[in-house]
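Enquirer: Take a look at the following structure, please.
Just so you know, all these numbers are worked out from the coordinates, no wet-lab data involved. Only a predicted model underlies this, so the values are computations on that prediction, with no experimental measurement involved. Reconstructed Cβ throughout: ideal geometry from the backbone, glycine too, with neighbour counts over all protein chains shown.
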Amino acid sequence: MRDLLQRWGFTPSGLISNRHGEWWLLAQLLLIAGLAAPPFACAQLPVWPWPLRLLGAITLVAGLLLVLMAFRDLGASLTPLPDPMPGAALRVEGSYSRCRHPLYQALLLAGLGWTLLLGSLQHLLLLGLLAGVLAGKARREEAKLMRQHPAYAGYAATTPAIIPGVPGLDWR
């Protein structure tokens, strides 16, 4: 585990200085943990009809499957930090052919499914905050990718960022 953390660039000083975007990751992890928590009693909506809850379950499963596909497609280049792995190849195939940040897209889709399944205003708020954090993290990542891969600008101009056509999540 220690070797993996070092390969990703985690250091105690980085947690303090945010050298590799560690604060983006911490915010992301806190919001995902909040989404996984049960809703407060006052934050639940009235019980939703079963078709809407079923849609939530299907969306959750689809999001989790897309998470696995994005992990597979990124392979050894995977890092939880927004700074790309040094020397990593630019991925534009597989799930990366439909959006530039398929892992972020999949997390948001799974979060939406979970929110629909629970019928929770608390989770809807956390999902909105997570979308904002992932958009900020993606923008930092893209600034580094532009410097590391000259072909990234062309890819970014034609491929949606996170969710096609959604303001703040697609900045082509």
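Enquirer: Which pairs do you get when a residue that is among the polar types (S, T, N, Q), found in segment 147-172, comes within reach of a residue that is in a loop (DSSP other than H, G, I, E, B), reach meaning Cβ atoms under 7 angstrom, with the pair 6+ apart or on two chains?
Expert: What qualifies is 148/84; 159/99; 159/100.
Enquirer: Sticking with this structure for a sec: Restricting to segment 71-117, what's the tally of residues that are over 30 Å from residue 50 (Cβ atoms) and of a type in the set (A, V, I, L, M, F, W, C)?
Expert: Number of matching residues: 12.
Enquirer: Looking only at segment 140-153, how many residues end up being surrounded by 14 or more Cβ atoms within 10 Å (Cβ to Cβ) and either in a helix (DSSP H, G or I) or touching a Phe, Trp or Tyr at 6+ places or on another chain (Cβ under 7 Å) (or both)?
Expert: Going residue by residue through segment 140-153, those that are surrounded by 14 or more Cβ atoms within 10 Å (Cβ to Cβ) are 140-142, 144-145, 148-149, 152.
Going one step further and asking which of them are either in a helix (DSSP H, G or I) or touching a Phe, Trp or Tyr at 6+ places or on another chain (Cβ under 7 Å) (or both), we end up with 140-142, 144-145, 148, 152.
Of the residues in segment 140-153, 7 are surrounded by 14 or more Cβ atoms within 10 Å (Cβ to Cβ) and either in a helix (DSSP H, G or I) or touching a Phe, Trp or Tyr at 6+ places or on another chain (Cβ under 7 Å) (or both).
Enquirer: While we're looking at this one, here's another question. Quick one: residue 156 ticks every box in (1) in contact with a Pro (Cβ under 8 Å, 6 or more places away or on another chain); (2) farther than 30 Å from residue 47 by Cβ; (3) surrounded by 16 or more Cβ atoms within 10 Å (Cβ to Cβ) except a single one, so which number is it?
Expert: Answer for residue 156: the failing condition is (1).
Enquirer: Across segment 117-128, which residue is nearest to the chain's Cα centre (by Cα) among those that are in a helix (DSSP H, G or I) and crowded, with 16+ Cβ neighbours inside 10 Å? Let's see the steps before the verdict.
Expert: Going through segment 117-128, the residues in a helix (DSSP H, G or I) turn out to be 117-118, 121-128.
Then drop every residue that is not crowded, with 16+ Cβ neighbours inside 10 Å, which leaves 117-118, 122-124, 126-127.
Working: 117: 20, 118: 21, 122: 19, 123: 16, 124: 16, 126: 13, 127: 11 Å.
Among residues in segment 117-128 that are in a helix (DSSP H, G or I) and crowded, with 16+ Cβ neighbours inside 10 Å, the one nearest to the chain's Cα centre (by Cα) is 127.
Enquirer: Quick check on segment 8-30: of everything there that is touching a residue at least 12 places away in the same chain (Cβ under 8 Å) and of a type in the set (Gly, Ala, Ser), which residue is surrounded by the most Cβ atoms within 10 Å (Cβ to Cβ)?
Expert: Restricting to residues being touching a residue at least 12 places away in the same chain (Cβ under 8 Å) and of a type in the set (Gly, Ala, Ser), the top hit is 21.
Enquirer: What pairs can you find where one residue is in segment 48-74 and free of Cβ contacts under 8 Å to residues at least 12 places away in the same chain and more than 28 Å from residue 91 (Cα to Cα), the other is charged (D, E, K, R) and assigned to a helix (DSSP H, G or I), and their Cβ atoms are less than 6 Å apart, with a gap of 6+ or different chains?
Expert: Here the result reads none, with nothing in segment 48-74 linked to a residue that is charged (D, E, K, R) and assigned to a helix (DSSP H, G or I).
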